[in-house]
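Structure first, then comments.
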Amino acid sequence: MSITAQLTEDIKTAMKAKDTVALNTVRSLKSALKYAAIEKHGADGELDDTDSIVVIRREIKKRQDSVSQYEAAQRSELAEVEKAEIAVLEKYLPAAMSQTEVEKLVTDAIVETGATSKKDMGKVMKLVQERSAGRVDGKTLSAEVNKRLS
């Protein structure tokens, strides 16, 4: 089942359960996916699951930024709502890669690209991001590549 189809089912489920946090989060995610599809393919376009995962990660990142802002402003009740939304969004991500898998992926990419210094980080990051297929966030990948190339 595609992510879009899963979202439609989850909207129905959240409506029946009267779960407003899940309902609002899933609706906003569906809207963000539609906007991304229109931007990429035009009005009748659909995103594949790989592109959808990128959008989901972007939505999670927005909420994480909001959490840090709310906590800095001592608005814990708003931060809790954002954290609940993050939990809902994380259900749509594929299983995350373990640290060992990330290390092996980065090592293989460095060997394959022949990277020797931080100047080659772009080549390695491009390859690693393609191969991770959304199973690990860019910040983690970047830190691992940076550690290996320094």
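Structure data summary
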{"read-out": "Protein accessible area in the chain, 1.4 Å probe - carbon and sulfur %", "value": "53 percent"}
{"read-out": "Cβ-defined net charge surrounding T113, 14 Å radius [Lys, Arg +1; Asp, Glu -1]", "value": "+2"}
{"read-out": "Neighbour-limited loop hits for trypsin sites (Lys or Arg not before Pro), the range 37-134 (at most 16 other Cβ within 10 Å; DSSP other than H, G, I, E, B)", "value": "R75, K91"}
{"read-out": "Charge sum, other residues only, whose C-beta stays under 15 Å from A17's C-beta, Lys/Arg counted +1 and Asp/Glu -1", "value": "+2"}
{"read-out": "Aspartates and glutamates whose Cα lies under 20 Å from that of K123, excluding same-chain neighbours fewer than 8 positions away", "value": "E101, E103, D108, E112, D137, E144"}
{"read-out": "Per residue accessible area of the chain, 1.4 Å probe, in Å²", "value": "62 Å²"}
{"read-out": "Given charges at Cβ of Lys, Arg, Asp, Glu: the chain dipole, positive-most of V124, I86, M1", "value": "V124"}
{"read-out": "Of K30/K62; K61/K118; K30/K104; K61/K126, those spanning more than 24 Å from alpha-carbon to alpha-carbon", "value": "K61/K118; K30/K104"}
{"read-out": "Helical segments meeting 27 Å axial Cα length and Kyte-Doolittle -0.5 threshold in the chain (DSSP H)", "value": "20-41"}
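The values are calculated or read from the model by the stated rules, or taken from the named source; none is laboratory data. Keep in mind that what you see is a predicted model, and the values were worked out from it rather than measured. Here the Cβ is made from the backbone with ideal geometry for all residues, glycine too, and neighbour counts use every protein chain on show. Calculation scope for accessible area: heavy atoms of the full protein, side chains included, ligands and nucleic acids excluded. Shrake-Rupley method; radii C 1.70, N 1.55, O 1.52, S 1.80 Å.
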